[in-house]
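Colleague: Got a structure for you, questions after.
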Amino acid sequence: MDEQKVKEEIVEIATRCYDRGLLVAGDGNISVRVAPNRIVSTPSGVSKGWMKPEMMVVVDIDGNPLEPSHLRVSSEWPMHRVIYQARPDINAVVHAHPPYATGFAVAGLSLSKAILSEVVLTLGCAPLAAYGTPSTRELTDAIEPYLEFHDALLMANHGAVAYADTLEKAFNKLETLEHTCKISFIARSLGNENTIPDRAVEKLFEIRERNGAMRPEARAGQVCSYTPGDNSDGAAGRRRDGENEQVTLTRAELVELLVESARLFQ
Ligand SMILES: [Zn+2]
């Protein structure tokens, strides 16, 4: 793989992330695995809007430098490492703090409803990993259970990460995640978020499996409100979809509910 070209591509994607407001200042980090134990990464503490290819750092899987540089790899490197270790098929990781996706992560919401057919076909759902202090085991332990079947994650009170076999695809997944969170936010603001019926979701599953976009195991493996698996007691950190969902009641409905509850406990 042409490493110089990879460095230029990372700068291009980083600039795109910055220009689209998916991150600001020194936020986020991007890496590409060019060989099993050789990864090119954005450096620590540099704005993604002002980077140059020669600023990229080359590290091994543990983040140790493989080329001399006055810049260090990001302190969030353990997040990249756990993804590369869990998924041999992944060669690129893009982590950012996109405002809508991060808004979901701050509000305690996952992106787990079947609201857009093309998102079910390409990305599936993006679960919300529990909060973990950046650069520590807490964060990697929180995301690790979701890595096998999801290609994009929300991280509570932090941001989002997407990964794929190529850098362009990883960026596309992050962009799709952000765009879908934005649409979901608008639908919720308008007062209703309708979902695609189960039978139609079934057809979408068949199409995405036929196209090779996702393995059949992802149906049960993904933590979605529309996947058939029982995701409530799976790997550590999983939580049932809707746990943090808000419910709106009229005053009359609330009074009726309270009266009914009081009657039951008499
Ligand atoms: Zn971050």
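Colleague: Would you point out the residue of region 40-71, among those that are over 18 Å from TYR18 (Cβ atoms) and of a type in the set (A, V, I, L, M), that is farthest from the chain's Cα centre (by Cα)?
Modeller: Ranking the candidates gives LEU66 first.
Colleague: Can I ask one more? Scan GLU138, GLU178, GLU168, GLU217 and give me the residue that is within 16 Å of the ligand (Cβ to nearest atom), closer than 24 Å to VAL82 by Cβ and open to solvent by 80 Å² or more (accessible area, probe 1.4 Å). Steps first, please.
Modeller: Values: GLU178 fails: open to solvent by 80 Å² or more (accessible area, probe 1.4 Å); GLU168 fails: within 16 Å of the ligand (Cβ to nearest atom); GLU217 fails: within 16 Å of the ligand (Cβ to nearest atom).
That would be GLU138, the only listed residue that is within 16 Å of the ligand (Cβ to nearest atom), closer than 24 Å to VAL82 by Cβ and open to solvent by 80 Å² or more (accessible area, probe 1.4 Å).
Colleague: Let me ask something else. Considering only region 43-57, I want to know if a residue exists there that is among the acidic types (Asp, Glu), away from the ligand (no atom under 14 Å from the Cβ) and open to solvent by 80 Å² or more (accessible area, probe 1.4 Å). It would help to see each step written out before you state the result.
Modeller: First, the residues of region 43-57 that are among the acidic types (Asp, Glu): 54.
With the extra rule that they be away from the ligand (no atom under 14 Å from the Cβ), the set shrinks to 54.
Filter once more, keeping what is open to solvent by 80 Å² or more (accessible area, probe 1.4 Å): 54.
The answer is yes, given that some residue of region 43-57 is among the acidic types (Asp, Glu), away from the ligand (no atom under 14 Å from the Cβ) and open to solvent by 80 Å² or more (accessible area, probe 1.4 Å).
Colleague: Confirm whether PHE149 is surrounded by 19 or more Cβ atoms within 10 Å (Cβ to Cβ) and either free of Cβ contacts under 8 Å to residues at least 12 places away in the same chain or of a type outside the set (S, T, N, Q) (or both). Reasoning before the result, please.
Modeller: On the way: surrounded by 19 or more Cβ atoms within 10 Å (Cβ to Cβ): yes; either free of Cβ contacts under 8 Å to residues at least 12 places away in the same chain or of a type outside the set (S, T, N, Q) (or both): yes.
So PHE149 fits the description; yes.
Colleague: Additional query: Among the strands (runs of 3 or more DSSP E) lying completely within region 33-100, list those that include at least 3 residues that are over 24 Å from GLU175 (Cα atoms) and among the hydrophobic types (A, V, I, L, M, F, W, C).
Modeller: 57-59
Colleague: Going by the conditions given, is THR102 free of Cβ contacts under 8 Å to residues at least 12 places away in the same chain, open to solvent by 10 Å² or more (accessible area, probe 1.4 Å) and within 17 Å of the chain's Cα centre (by Cα)? Break it down into steps so the answer makes sense when it comes.
Modeller: Details: free of Cβ contacts under 8 Å to residues at least 12 places away in the same chain: no; open to solvent by 10 Å² or more (accessible area, probe 1.4 Å): yes; within 17 Å of the chain's Cα centre (by Cα): yes.
Here the answer is no, as THR102 does not meet what is asked.
Colleague: Within region 85-104, how many residues turn out to be out of contact with any Cys (no Cβ under 9 Å at 6 or more places or on another chain) and either away from the ligand (no atom under 15 Å from the Cβ) or closer than 30 Å to ASP198 by Cβ (or both)?
Modeller: 8
Conditions tested, residue by residue: (1) touching a residue at least 40 places away in the same chain (Cβ under 8 Å); (2) β-branched (Val, Ile, Thr); (3) in contact with a Ser or Thr (Cβ under 6 Å, 6 or more places away or on another chain).
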residue: ALA114; (1), (2), (3): yes, no, yes
residue: CYS125; (1), (2), (3): yes, no, yes
residue: ALA129; (1), (2), (3): yes, no, no
residue: LEU153; (1), (2), (3): no, no, no
residue: ASN157; (1), (2), (3): yes, no, no
residue: ALA160; (1), (2), (3): yes, no, no
residue: LEU177; (1), (2), (3): yes, no, no
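Colleague: For GLU118, state whether it is more than 16 Å from the ligand (Cβ to nearest atom), in contact with a Gly (Cβ under 9 Å, 6 or more places away or on another chain) and not hydroxyl-bearing (Ser, Thr, Tyr). Show your work before the answer.
Modeller: Numbers: more than 16 Å from the ligand (Cβ to nearest atom): yes; in contact with a Gly (Cβ under 9 Å, 6 or more places away or on another chain): no; not hydroxyl-bearing (Ser, Thr, Tyr): yes.
No; evaluated as a whole, the condition is false for this residue.
Colleague: In addition: Scan region 79-88 and give yes if some residue there is small (Gly, Ala, Ser) and open to solvent by 10 Å² or more (accessible area, probe 1.4 Å), otherwise no. Spell out the reasoning first.
Modeller: Residues of region 79-88 small (Gly, Ala, Ser): 86.
Still in the list and also open to solvent by 10 Å² or more (accessible area, probe 1.4 Å): 86.
Yes - at least one qualifying residue is present in region 79-88.
Colleague: Same structure again: Among the residues of region 106-119, is any surrounded by fewer than 20 Cβ atoms within 10 Å (Cβ to Cβ), outside any loop (DSSP other than H, G, I, E, B) and β-branched (Val, Ile, Thr)?
Modeller: Yes: region 106-119 contains one or more residues that are surrounded by fewer than 20 Cβ atoms within 10 Å (Cβ to Cβ), outside any loop (DSSP other than H, G, I, E, B) and β-branched (Val, Ile, Thr).
Colleague: Quick check: anything in region 190-197 within 14 Å of ALA114 (Cβ to Cβ), charged (D, E, K, R), open to solvent by 20 Å² or more (accessible area, probe 1.4 Å) and touching a residue at least 40 places away in the same chain (Cβ under 8 Å)?
Modeller: First, the residues of region 190-197 that are within 14 Å of ALA114 (Cβ to Cβ): 193-197.
Filter again for charged (D, E, K, R), leaving 193.
Narrowing the set further to residues that are open to solvent by 20 Å² or more (accessible area, probe 1.4 Å) leaves 193.
Within this subset, residues satisfying the condition of being touching a residue at least 40 places away in the same chain (Cβ under 8 Å) are 193.
For region 190-197, residues within 14 Å of ALA114 (Cβ to Cβ), charged (D, E, K, R), open to solvent by 20 Å² or more (accessible area, probe 1.4 Å) and touching a residue at least 40 places away in the same chain (Cβ under 8 Å): present.
The values are calculated or read from the model by the stated rules, or taken from the named source; none is laboratory data. What you are looking at is a predicted structure, and each value in this text was computed from that prediction instead of being measured. Counting neighbours? That spans all protein chains shown, and the Cβs are built from the backbone with ideal geometry, glycine included. Ligands, DNA and RNA are excluded from the accessible area calculation, which covers all protein heavy atoms including side chains. Shrake-Rupley method; radii C 1.70, N 1.55, O 1.52, S 1.80 Å.
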